[in-house]
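Notes for the one structure printed next.
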Ligand code: A2P
């Protein structure tokens, strides 16, 4: 019945403290603002607009999506495969409500999403489900490759897209398609992977406290 369905959340994940959410949002806004002004970005603007001459304001282009978090397991109230098993996992139960420190090691932008890559520790990987990378068809990437925080989505784009965009960039990296190194920015080094895919590897990863919990919606 409906009550039984409600016993599992929409998703489990690490939720950033609200004070650091603002900091992460600011960093991401700064990045978008700077990217927007680069000549090399303007050169590839048609990836975003479909028309070379049109302008795009990246800060307007992406819409924020709720509280900042890194999804571990999308349960869809129990409808997603493996949801029940994940919720009953002893490590998940043990760490539920615990504080962690997440390391954000890169920011990325595509015509669909903007996000932060999360580099998980061995301990954090214990909370990572078995198969989110394979589910997305990326069988050869290491576990945890999909870990990310959605910072914004273009119109009509669902947040699930952010992890898929990250996996796409990481697959290109793994295939030794090094991307086009663009320039050193204050925050780190910027690389272009074609088709509007930009990756900023942060010089100093952003460390942020986050609580492992779940969201019912
Ligand atoms: P993400 O983790 O990239 O932000 P929604 O609001 O669309 O129901 O999504 C709720 C959260 O669950 C979002 O954080 C979203 O993406 C994540 N999510 C939605 N669908 C999936 C899915 N199929 N697989 C993994 N994560 C998902």
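Laboratory data are not the source of any read-out in this text; all were calculated from the coordinates shown. None of the values given here were measured: they were computed from a predicted structure. Here Cβ is always computed from backbone atoms with ideal geometry, including for glycine, and neighbour counts include all displayed protein chains.
Among 119-131, 150-162, sorting by the average number of other beta carbon atoms lying within 10 angstrom of each residue, highest first, gives 150-162, 119-131. To the nearest ten degrees, helix 18-37 and the longest principal axis of the Cα atoms of the chain are 30 degrees apart. At what distance in angstrom do the alpha carbon centres of segment 40-77 and segment 131-156 lie from each other? For segment 40-77 versus segment 131-156, the Cα centre distance is 16 Å.
In the chain, the longest principal axis of the Cα atoms and the axis of helix 160-174 are about 60 degrees apart.
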